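The values are calculated or read from the model by the stated rules, or taken from the named source; none is laboratory data. Values in this document were obtained by computation on a predicted structure and should not be read as measured data. Note that we place each Cβ from the backbone using ideal geometry, even for glycine, and neighbour counts take in every protein chain shown. Only protein heavy atoms, including side chains, enter the accessible area calculation; ligands, DNA and RNA are left aside. Shrake-Rupley method; radii C 1.70, N 1.55, O 1.52, S 1.80 Å.
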Amino acid sequence: MKLSYNWLLDHLETKASPEEISETLTKIGLEIEDVLNPSAGLEPFEIAEILETIPHPQADRLKVCKVRRGSGEVLQIVCGAPNARAGLKVVLALAGHTIPVNGLVLKNTAIRGIESFGMLCSASELGLSTESEGILELPSTAKVGDSLVAFLGNSDTIFEVNVTPNRSDCLNIRGLARELDAAGLGTLKPLAVHKIVATDVKGPALVADPLILETGACPHFVGRVIRGVKNGPSPEWLQKKLKSLGKTPISLLVDITNYFCFDLGRPLHAFDLDQVQGNMHLRFAQDGEAFKSLKGQDYLLDSEMTLVADEQGPLALAGVMGGMRSSCSLDTTNIFLESAYFSSSRTAATGRKLNLLSDSRYRFERGIDPRSTLLGLEAATQLILDLCGGEAGPLQEIGKVSDTQKTISFDASLVKKLTDLSLSEEQMTTILNRLGFDVKGKTITVPSWRHDIHESVDLVEEIVRHYGYDKIVEMPLPFVDVAVLTNTQKQHIKFRHVLAGRGLLETITWSMIDEKSYDLFGGKGHDLKIANPLTIDMEYMRPSVIPTMLKAVGRNIDRGQNPIFLFEIGPVYKSLEIQDTHAACLRWGSYNKNHWAQKERWVNVFDAKADMLALLKESGLKEGAYQVVSQGAPVYYHPGRSGVVQQGPKNILGFFGELHPRILKQFDIKQPVVAMELNLSALPQGKQKGKEPLILSPFQAIDRDFSFVVSEEVEAGTIVTTVQKIDKILITSVDVFDVYKGVGGNAAQKAVGIRVRLTPQEKTFTDEEIQSISTRIIQAVEQTTGGTLRSEDVSR
């Protein structure tokens with residue numbers, strides 16, 4: 001929201017400087033993002049006059065202008081503005097001058113073979129407006145030779161105010177003046193009350209569809225006919241006000257409606273009455289109904305959109321934008337002036353569907369004062385009569401003023417309790433009264449323009465921000481003992497340390513994904529679509545952490561990173577009722593890249609498995625408490641290069657492996673990516689108390705190697721699990737060190753070599769004890785797998 005200092009003085013009696021106003025607004029929560037002086041940098045520019053224009057011989061759109069300066073010197077300037085013409089007073093920039101908006105330093109040059117000694121400037125190039133067509137046209141009274149700054153008169157200061165979405169009451173000059181009054185920086189001037197004496201002016205009847213009122217699409221609509229107006233350029237004071245906010249003046253009737261939009265926060269619309277066919281209707285649009293906006297764009301409407309229409313069709317999209325057919329021109333002599341309170345949600349929905357932006361929509365969708373409809377109509381009618389003449393017809397009204405004022409029971413002691421500030425009730429009452437609240441004892445009536453006030457704590461905020469946030473004494477937070485963390489939180493912190501120690505960087509990604517990723521990662525068939533998504537790329541809750549992390553990998557690949565090792569601990573969603581926490585790792589890239597002593601290699605499935613086993617170890621689960629199998633991973637993993645960690649067939653703990661090339665192709669990733677995801681919610685709760693103390697045996701451990709010939713279908717993990725179960729105390733580790741396929745030329749068989757570490761706990765093993773354990777190992781594996789011992793074990 002832009003605020004003009006000079007315009008502010010229309011509503012606020014103050015001697016405060018622009019610097020004080022800027023500082024005060026920021027202190028009370030209305031942050032000033034920028035402070036501009038439109039005259040700054042305009043000192044070198046002067047007023048000149050175009051004497052004649054001729055077409056450029058080498059360019060259809062260019063003109064060669066003869067321009068007279070104040071000294072009498074006539075310059076030749078090439079100009080491409082369509083409105084350049086003889087007799088026009090313009091702003092002249094010469095060689096060496098700097099254009100304010102882009103920092104361009106002018107120099108004399110030849111344009112298409114014709115020399116040009118300067119530039120004729122537009123309002124946007126001078127920073128006087130964000131919208132301009134052609135060069136700036138100055139009035140005929142402007143004196144050739146005067147500086148532009150002298151012509152503009154008193155300089156103004158423009159504040160760029162960051163108004164948060166909940167403070168729609170500050171999207172107008174008077175609302176900001178009210179805030180400064182409450183902050184003690186001046187006195188709010190009383191608002192003029194106009195009572196229009198209507199004449200017997202005839203016009204179309206105003207008819208409303210009953211559904212409009214029943215649904216709350218437009219609770220209150222007022223309007224009147226004004227005949228015999230004379231449209232034309234606005235007076236200089238009105239043009240200056242609009243230009244100060246970056247708006248381009250159009251014509252008296254349009255500028256007056258825009259003026260009240262910014263002055264009072266009251267959007268209005270004027271219809272050219274001579275273009276209205278029959279009665280005016282307030283109704284819903286029909287599906288597929290066509291509408292041409294003021295900007296000349298065509299739209300197709302639907303039945304959720306509110307219209308002002310006539311017998312022929314739509315005249316305006318309620319709260320958003322008027323239509324081309326009934327727009328006011330310089331020839332307009334009769335108008336219908338409208339002031340209404342349209343539903344904020346319907347206005348916002350209409351604007352989003354059609355991608356239509358306007359100052360009116362911006363205010364309606366955030367909430368305007370519902371009690372300002374009649375006030376705005378009367379004020380605008382009076383200004384139109386003063387500037388355009390004409391006769392005003394009787395008021396036409398549909399619905400009634402919305403009774404939206406709330407009352408809150410307020411305990412003044414709440415201020416002390418929440419902020420530790422000691423304010424008297426008189427101080428609190430003064431602040432609230434200046435903000436428009438009606439204070440009667442403990443009952444506070446909220447003004448109609450404050451949509452953001454709902455509870456007592458909101459009143460505390462109003463009081464404190466105007467009393468001064470800087471007066472709240474800073475207090476250090478109490479020491480937080482780690483004991484307040486739950487076991488689950490402590491465990492997750494340990495997991496993060498483990499993964500970070502393994503060289504992975506933590507990421508935090510969105511929990512929402514697009515439909516395509518949702519289907520690819522197992523979401524299809526579940527009802528996890530968000531009713532009101534932030535964007536089209538965030539329509540579903542993610543069933544896996546992998547897709548959002550893959551996008552992060554892709555972004556890092558595009559930036560030349562290698563390797564990319566990431567992890568995340570975050571939520572995944574299986575249904576509306578089930579939300580789990582997963583730890584996931586993704587690895588892409590090379591190990592030992594450019595290492596002088598070690599050979600470079602790409603990540604593989606065993607790197608992902610190692611990440612998984614590291615977390616399982618940290619969780620307290622022993623190796624024999626879970627199984628690793630090669631079948632059952634989700635379809636987004638490579639079927640031959642992935643695994644599943646489970647506690648029996650029902651309790652799946654997680655998956656690891658290489659992601660399927662089909663999935664990587666969808667994310668435009670060409671080289672392999674390995675991943676691991678562990679369902680932390682599925683870990684047995686009894687095992688989450690941390691690691692058991694390390695107890696070292698004082699006796700020498702021994703290793704025994706076994707080689708079993710088994711069927712190709714038998715998994716090495718089955719052999720490892722079988723051996724681990726034989727004696728969980730004496731057998732302290734089982735590792736696979738070799739797999740040889742095609743034993744004896746038989747492709748259906750393989751040899752799996754395992755190394756078993758035996759650790760005595762009470763005394764050194766005897767040969768008989770070692771042989772007994774070895775025999776039990778051989779018998780258990782043969783019975784479980786149907787395999788046979790390939791060779792004698794070798795003690796190590």
*Does at least one position in the stretch 645-653 carry a residue that is in contact with a helix residue (DSSP H, G or I) (Cβ under 9 Å, 6 or more places away or on another chain), small (Gly, Ala, Ser) and more than 19 Å from GLU506 (Cα to Cα)?*
no
_So in the stretch 497-523, with the set limited to residues that are β-branched (Val, Ile, Thr) and more than 17 Å from VAL673 (Cα to Cα), which one is farthest from the chain's Cα centre (by Cα)?_
VAL498
*Could you give every pair whose Cβ atoms fall below 8 Å, whose first residue belongs to the stretch 1-15 and is acidic (Asp, Glu), and whose second residue is part of a helix (DSSP H, G or I), counting only separations of at least 6 or pairs across chains?*
ASP10/ILE173; ASP10/ASP263
*Out of the residues in the stretch 757-792 that are in a strand (DSSP E or B) and not small (Gly, Ala, Ser), state the one that is surrounded by the fewest Cβ atoms within 10 Å (Cβ to Cβ).*
GLU792
_Looking at the stretch 283-299, can you tell me whether even one residue there is within 17 Å of VAL222 (Cβ to Cβ), open to solvent by 10 Å² or more (accessible area, probe 1.4 Å) and among the small types (Gly, Ala, Ser)?_
no
*Within the stretch 81-89, is there a residue that is touching a Gly at 6+ places or on another chain (Cβ under 8 Å), part of a strand (DSSP E or B), touching a residue at least 24 places away in the same chain (Cβ under 8 Å) and under 24 Å from ALA150 (Cα atoms)?*
no
*Can you name every residue in the stretch 249-275 that is outside any loop (DSSP other than H, G, I, E, B) and open to solvent by 30 Å² or more (accessible area, probe 1.4 Å)?*
VAL254, ASN258, HIS269, ASP274, GLN275
*Only one of PHE765, PHE737 is touching a residue at least 24 places away in the same chain (Cβ under 8 Å) and either in contact with a Gly (Cβ under 6 Å, 6 or more places away or on another chain) or at positive phi (or both); which?*
PHE737
_Subset of the stretch 444-481 [charged (D, E, K, R) and either touching a Pro at 6+ places or on another chain (Cβ under 8 Å) or farther than 26 Å from GLY265 by Cβ (or both)]_ = ASP470, LYS471, GLU474, ASP481
_Which listed residue is assigned to a helix (DSSP H, G or I) and hydroxyl-bearing (Ser, Thr, Tyr), from THR718, THR732_ = THR718
*Give the residue that is farthest from the chain's Cα centre (by Cα), with candidates limited to residues of the stretch 524-555 that are of a type in the set (S, T, N, Q) and surrounded by 17 or more Cβ atoms within 10 Å (Cβ to Cβ).*
SER544
*Which residue, of GLU623, GLU618, is of a type in the set (Asp, Glu), out of contact with any Pro (no Cβ under 7 Å at 6 or more places or on another chain) and within 19 Å of GLY717 (Cβ to Cβ)?*
GLU623
*Using the structure shown, decide if ILE368 is touching a strand residue (DSSP E or B) at 6+ places or on another chain (Cβ under 6 Å), touching a residue at least 40 places away in the same chain (Cβ under 8 Å) and not in a helix (DSSP H, G or I).*
no
*Of the residues ASP703, ASP668, which single one is within 32 Å of the chain's Cα centre (by Cα), modelled with pLDDT of 90 or more and more than 25 Å from TYR573 (Cβ to Cβ)?*
ASP668
*Give the residues of the stretch 107-166 that are under 22 Å from LEU242 (Cβ atoms), open to solvent by 60 Å² or more (accessible area, probe 1.4 Å) and without any contact (Cβ under 8 Å) to a residue 24 or more places away in the chain, sorted by residue number.*
THR141, ALA150
_Candidates SER326, SER360, filtered to the one that is at negative phi, outside any loop (DSSP other than H, G, I, E, B) and buried (at least 20 other Cβ atoms within 10 Å of the Cβ)_ = SER360
*Return the total of residues in the stretch 186-203 being surrounded by fewer than 19 Cβ atoms within 10 Å (Cβ to Cβ), within 20 Å of HIS269 (Cβ to Cβ) and not aliphatic (A, V, I, L, M).*
1
_Top-ranked residue in the stretch 120-156 [being of a type in the set (Asp, Glu) and under 40 Å from the mean Cα position of the chain (by Cα); ranked as modelled with the lowest pLDDT]_ = GLU131
*Restricting attention to the stretch 434-492, which residues are within 19 Å of LYS416 (Cα to Cα), among the acidic types (Asp, Glu) and open to solvent by 60 Å² or more (accessible area, probe 1.4 Å)?*
GLU455, GLU461, ASP470, GLU474
*asked:* Suppose we filter SER339, SER360, SER303 for residues that are within 16 Å of CYS218 (Cα to Cα) and out of contact with any helix residue (DSSP H, G or I) (no Cβ under 8 Å at 6 or more places or on another chain); which single one remains?
replied: SER303
*How do the pairs read when you match residues in the stretch 551-575 that are of a type in the set (Lys, Arg) with residues anywhere that are assigned to a loop (DSSP other than H, G, I, E, B) and surrounded by fewer than 20 Cβ atoms within 10 Å (Cβ to Cβ), using Cβ under 8 Å and keeping only pairs 6 or more apart or on different chains?*
LYS551/THR509; LYS551/PHE667; LYS574/HIS526
_Just to be sure I understand the filter: pairs with C-beta atoms under 6 Å, separated by 6 or more residues or on different chains, first member in the stretch 704-723 and in contact (Cβ under 8 Å) with a residue 24 or more places away in the chain and over 12 Å from VAL756 (Cβ atoms), second member open to solvent by 20 Å² or more (accessible area, probe 1.4 Å) and part of a helix (DSSP H, G or I). Which pairs pass?_
VAL709/VAL743; VAL710/THR785; VAL714/THR785
*Determine if the stretch 740-756 includes at least one residue that is open to solvent by 20 Å² or more (accessible area, probe 1.4 Å), modelled with pLDDT of 90 or more, under 11 Å from PHE706 (Cβ atoms) and in contact with a Phe, Trp or Tyr (Cβ under 9 Å, 6 or more places away or on another chain).*
yes
*Please enumerate the residues belonging to the stretch 205-248 that are out of contact with any Leu (no Cβ under 6 Å at 6 or more places or on another chain), open to solvent by 20 Å² or more (accessible area, probe 1.4 Å) and closer than 27 Å to ALA285 by Cβ.*
ALA205, LEU206, VAL207, ASP209, PRO210, LEU211, LEU213, GLU214, THR215, GLY216, PRO219
*asked:* List the residue pairs whose Cβ atoms are under 7 Å apart, where the first residue sits in the stretch 36-57 and is open to solvent by 40 Å² or more (accessible area, probe 1.4 Å), the second is part of a loop (DSSP other than H, G, I, E, B) and hydroxyl-bearing (Ser, Thr, Tyr), and the two are 6 or more positions apart or on different chains.
replied: ASN37/SER155; ASN37/THR157
*Among the residues of the stretch 632-655, is there at least one that is of a type in the set (Val, Ile, Thr) and crowded, with 19+ Cβ neighbours inside 10 Å?*
yes
